[in-house]
1. Would you please classify the overall shape of segment 259-318 from the alpha carbon gyration tensor, given that a ≥ b ≥ c denote the square roots of the eigenvalues, rounded means a/c under 1.5, and beyond that prolate means a/b larger than b/c while oblate covers the rest?
2. Do any of 232/328; 177/284; 119/284; 186/232; 216/283 go past 31 Å between their Cα atoms, and which?
3. Given the options 152, 189, 58, identify the residue whose Cα lies farthest towards the positive end of the charge dipole of the chain (+1 on Cβ of Lys, Arg; -1 on Cβ of Asp, Glu).
4. Using θ = phi - 60° and the Karplus relation 6.51 cos²θ - 1.76 cosθ + 1.60, list the HN-Hα couplings for segment 19-30 in order, rounded to whole Hz, with x at every Gly or Pro.
5. Taking Cα centroids, how far is segment 1-28 from segment 271-303 in Å?
6. Between residue 185 and residue 412, what is the FRET efficiency for a Förster distance of 45 Å, r being their Cβ-Cβ separation, to the nearest 0.05?
7. If you filter segment 204-241 for chymotrypsin sites (Phe, Trp or Tyr not before Pro), then keep DSSP loop positions with at most 14 other Cβ within 10 Å, what is left?
8. I'd like the orientation of helix 110-120 relative to the chain: the angle between its Cα long axis and the longest Cα principal axis, in ° from 0 to 90, rounded to 10.
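The numbers here are math on the coordinates, done by the rules we state, and not lab data. Source: prediction; values computed, not measured. Backbone-built Cβ (ideal geometry, glycine too); neighbour counts: all protein chains shown.
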Amino acid sequence: MAGFGRLRHLGVDVDTTSAVKAVGRMDRWIDRVYRRILVNGHPDANHLTPLVAMYFYGRSFFLEDRPIPDSSKAAVKYFRGQATKYWLQLRRQSQGHLAIALQRFGDAATPKAIMRSIKEHSVSDEELGMFWRDTERSWWWYRAPIETQALMVEAFDEVMHDDAAVDACQVWLIKQKQTQNWKTTKATADACYALLRRGANRLASDLLLEVALGGKTIEPEHVEAGTGFYEKRFAPSDIRPEMGRIRLEKKDDGVAWASIHWQYFEEMSKVKPYKGTPLTLEKKLFVKKITERGPVLEEVRGPIHVGDELVVRVVLRVDRDMEYVHLKDQRGSGTEPVDVLSGYRYRDGLAYYQMTRDTASHFFIDYLPKGTYVFEYSLRVQHEGKYHSGIAEIECMYAPEFNSRSSSTRLVVE
């Protein structure tokens, strides 16, 4: 029902006959809920639910097509009173539903109070826009993050006429899409509705980001329609030191991003950790020793011996949610893994698939929430010599510009 209403808001010539018929059924449903409350008693208690809030939101699209019938007016009046009294008990998406619906029903005060409260709980970031820290994965439909953010765009636009908040909420939607995907067709439809119907027309401009390397402007070729994506590759013989000076210029409003990838060979001892992205890695090696107090980990700072058990510890930090992340930890040539079986693991609230290969251990993470995570596994020293432990590398496969690496530790085995 709400979908038909949104299509009509977008200016689509759609037949709403079936939606209007559904309105009558929903009016009878809300009346049954109200009558059941009267029968069971305690009408002054909180009976406001996300489903009731969704009813008001969907119903508000068709107030002119089909006014509230006399048989349902008592129920609607009752739940409007409940909404003004108990809206703080609902989750943010349901609060947004109520704010928009009550505004359309003629309530001038409550919707603005709801939106002021929602904005007070928000977080604003120059890069990520406006978002809320209560966003999480849940089985409940009224806690879906994409649908909730899309509704925030609609509510700030229609209730508060806050263009700055609308743009900031849209920025979060776009930046979220950079490192994750929209899980369902409903999430995709809601996000597109929020981006197209509200705020500035982000599809009106076809200007591309101007890129210059060493003072020379890059001419775009084979530009992807809609996204404006294009790439430029340089052969090793064409790369000059002055090309390290990169200038990006966006000549119109909106959000854009770019990435530079430079591939070359380097000695392992000269590889430095990279902390220029939201992903950061730190790799350390420890020798596991059995003492009277039990197993003790001592960080590798000098020679080790054949037969020692090494514990590899990789600390991963990320400042935003990401999906489809690949962590690869290289292994020293004179060491062998203790655990060679691949499989799914769950540790410290993170689920991933661990796979052991000849030269490295791989960790495939479907969903990486923001936070700090520690990966540990054991190696056995097999050969004498001097060699490096190898570096740990990580990349968001959905957005490869988000990557990082650690440094390598030099091992001296006696």
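1. Details: a/c = 4.34, a/b = 1.99, b/c = 2.18.
In terms of gyration-tensor shape, oblate.
2. Details: 232/328 27 Å; 177/284 33 Å; 119/284 42 Å; 186/232 35 Å; 216/283 39 Å.
Those over the limit are 177/284; 119/284; 186/232; 216/283.
3. Of the candidates, 58 comes out farthest on the positive side.
4. Each residue's phi maps through the Karplus curve to give 5, 5, 4, 5, 4, x, 5, 5, 5, 5, 5, 5 Hz.
5. When both Cα centres are located, 60 Å separates them.
6. Working: r = 57 Å, r/R0 = 1.27.
According to the calculation, E is roughly 0.20.
7. Details: sites: 229, 230, 234; in loops: 229, 230, 234.
Answer in residue order: 229, 234.
8. Approximately 10 degrees, to the nearest 10.
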